[in-house]
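Every number in this text was worked out from the coordinates using simple rules, so none of it is lab data. Source: prediction; values computed, not measured. Every residue, glycine among them, receives a Cβ derived from its backbone with ideal geometry; neighbour counts consider all protein chains shown.
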């Protein structure tokens, strides 16, 4: 599933990828990607430190600093770390962005909505924290953790007719692992301060898209500037998944569950396209400005529209005596709607139509302490026009029909729709430009229909499917 960001013609990208994959295409090495900056004052090596790795990381970081015209307050230092150590650091970073109790509550909400399994939110955040394969950042985001098999002294020095890394080095003057280091060096220079914890899904994706997009843009310019192909990169004719066998896109894009893979694709691929569009019109300084302004996926998807603060949405009324509390408040944003509708219905275009006009949304997970599985999910979304809201209402109705084929969706007297299954009641309503979708166990559904506990509501619970 793709979001609405179009992909440019692949012909130049395919030619470039073929060039990099073909060994021995040139007789002489191309010039280095950029003239290296004068080396920083040498540091006294720590006993047992990998001095080759330290120097290689420093040289790449200096070149990215020249490219972006940003100087690092703290230098990027490379250390060796195995896969288990890198994964532990990624999980520590992910826990800061989305603590486990919140991730579990959010997972129950996503499962109610049909946006993957209960582990999907944690899976998404951990994948973004881990970033690229083989090389990662520590929990503080200051040390580069490099697999012992990556960025070795012999990289790029073998026979180019049989060694892919040497072939790339011969063609561009850059070793493949140096490009991955460039990605992380760009993170160090371009990323804003850490996300507040916990972030909403929408804020996380918006931030990740321009962060990963900007880092990969810098990495690809670093790779191809030595052969004067920067315009192909900035023009969007070459994407991260087209070069170096996909090293600039994590394996999780291909191996995660459908919903997580789709959201990661937005972050790494659509984010790259949007970052390239911003840099093309104003160099990396423009990207830095826009990253501070475009804090929702709606703002990232629509660069032609001025950023706008999301609509404020109040929590739902909690029934008296229910013991319910707000366990999590999330926002899926425009891209979350696109992903949900596209995956549920199999219609990418319907997802794009449903998300367009998004002004704000909030997903509330209501739970009583000690009874998380007996809670309810309440999702309210606000749109710019009533017609936009009608599109969303129709799309969610299609989602229910696709998710539960053969089951009856009942039209209520209040204009809403409901579907009752043994363990859950699903309710869909629209009022003007606002659409609400609720999932709750039957007993709790009845209480939520009459939260004040007064005279019984005229709204009746739909008959249960036997």
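Express in nm, to one decimal, how much length is gained between residue 72 and residue 231 on full extension, taking 0.36 nm for each residue of separation and deducting their alpha carbon distance.
That pair, residue 72 and residue 231, stretches by 54.6 nm at full extension.
Got the relative contact order for region 325-449 handy, in percent, Cα pairs under 8 Å and 6 or more residues apart?
22
Could you calculate the FRET efficiency of residue 404 with residue 87 from 1/(1 + (r/R0)^6), where r is the beta carbon distance between them and R0 is 25 Å, rounded to 0.05?
Plugging the Cβ-Cβ distance into 1/(1 + (r/R0)^6) gives 0.10.
So if we plug the beta-carbon distance of residue 371 and residue 293 into 1/(1 + (r/R0)^6) with R0 = 35 Å, what FRET efficiency do we get, rounded to 0.05?
Given R0 = 35 Å and the Cβ-Cβ separation, E is 0.25.
Report the relative contact order of region 227-368, percent, no decimals, based on alpha-carbon pairs under 8 angstrom and at least 6 residues apart.
Normalised by residue count, the contact order of region 227-368 is 20 percent.
Eigenvalues of the Cα gyration tensor times 5, then square-rooted: what semi-axes does that give for region 260-410, in whole angstrom, largest first?
For region 260-410, the semi-axes come out at 31, 20, 15 Å.
Run the quick spin-label model on residue 51 and residue 431: label points 7 Å from Cα toward the beta carbon, then report their separation in nm to one decimal.
7.2
With each label point set 7 Å from Cα along the Cα-Cβ vector, what nm distance links residue 309 and residue 411?
Each label point is offset 7 Å from its Cα along the Cβ direction, giving 4.0 nm.
Rg/Rh for region 325-449: what does it come to with C-alpha atoms and Rh from Kirkwood?
Reported Rg/Rh, Kirkwood definition of Rh: 0.96.
Just grab the label-to-label distance for residue 452 and residue 421, each label 7 Å out from Cα along the Cβ direction, in nm (one decimal).
3.3
Between residue 59 and residue 79, what length in nm is gained on full extension when 0.36 nm per residue of separation is reduced by their alpha carbon distance?
Full extension from residue 59 to residue 79 adds 5.7 nm.
Please work out how much length the chain gains when fully extended from residue 283 to residue 349, using 0.36 nm per residue of separation minus the C-alpha to C-alpha distance, in nm with one decimal.
20.5 nm
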